[in-house]
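Visitor: A single structure is presented below for examination.
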Amino acid sequence: MIGLSMVLTVAIIVILGVLLMILETFVPGMVAGLLGALCVLTGVILVMVSDDFSHWPPWGRSVAACGIVLVTVILQLVWLRYFAIRFWQKSFTLEASIPSVESPMTLANGTEGTALTELRPLGRADFGGLRREVRCEDGFAPEGSLLRITGSEPGNLLVRLIPPASVIQPNSHA
């Protein structure tokens, strides 16, 4: 008859190993997981070499050792599949959403305005009383220059300089 104390010892060591590996999902750092794997390995080695199991045939000890490993792997897979993933998913999944910022008055392409600051290429411009951050596609625009909206990008409107109208000089015939 097998000594009951050795069977309980192996069972306690293996259960402790499985619990340490489960603890690894909450306390990362590989210490608990490695100690758990070491406990399971110790349980397997005890089944294979302990004198209390010496009257078992070699195949019986091998089956017991494989059973310990198989049960450990199955318990870990069940833990990860049905408990740990759901726990972490609920803990770290952001369910709140942030609404996108939409301007109450969207400015259309072609709208004209005035540069409030020098655009190098970023700055501020006024479009009929609406002040916006803009990026000048021409690279630079002096303060007060006329601009036309050509598009938009996140956070900025794209603008181009409106070339000043050619001043027509009256012909003076003397």
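Visitor: Could you tell me whether Val78 is at pLDDT 95 or above, more than 17 Å from Leu161 (Cβ to Cβ) and in the same structural domain as Cys39 (by TED's automatic domain parsing)? Steps first, please.
Guide: Values: at pLDDT 95 or above: no; more than 17 Å from Leu161 (Cβ to Cβ): yes; in the same structural domain as Cys39 (by TED's automatic domain parsing): yes.
Answer is no for this residue.
Visitor: Determine, yes or no, whether Phe127 is modelled with pLDDT of 90 or more, surrounded by 10 or more Cβ atoms within 10 Å (Cβ to Cβ) and aromatic (Phe, Trp, Tyr).
Guide: So Phe127 passes the test.
Visitor: As an exercise: evaluate Thr117 against (1) part of a loop (DSSP other than H, G, I, E, B); (2) modelled with pLDDT under 90 and give the number of the one condition it does not meet.
Guide: Condition (2) is where Thr117 drops out.
Visitor: I need the full set of residues from the range 63-72 which are over 15 Å from Val7 (Cα atoms) and surrounded by fewer than 17 Cβ atoms within 10 Å (Cβ to Cβ), in order please.
Guide: The answer is Cys66, Val69, Leu70, Val71.
Visitor: On to the next question. In this structure, does Leu107 turn out to be in contact with a Lys or Arg (Cβ under 9 Å, 6 or more places away or on another chain), modelled with pLDDT under 90 and aliphatic (A, V, I, L, M)?
Guide: yes
Visitor: Now, a different point. Can you tell me how many residues within the range 22-58 are free of Cβ contacts under 8 Å to residues at least 24 places away in the same chain, surrounded by 12 or more Cβ atoms within 10 Å (Cβ to Cβ) and under 19 Å from Leu80 (Cα atoms)?
Guide: 9
Visitor: Is there any pair linking a residue in the range 140-155 that is closer than 16 Å to Thr111 by Cβ to one that is of a type in the set (S, T, N, Q), with Cβ under 8 Å and at least six apart or on different chains, and which?
Guide: Ser145/Thr114; Leu146/Thr114; Leu147/Thr114; Arg148/Thr111; Ile149/Asn109; Ile149/Thr111; Thr150/Asn109; Gly151/Asn109
The values are calculated or read from the model by the stated rules, or taken from the named source; none is laboratory data. Source: prediction; values computed, not measured. All Cβ positions, glycine included, derive from the backbone under ideal geometry; neighbour counts span all protein chains shown.
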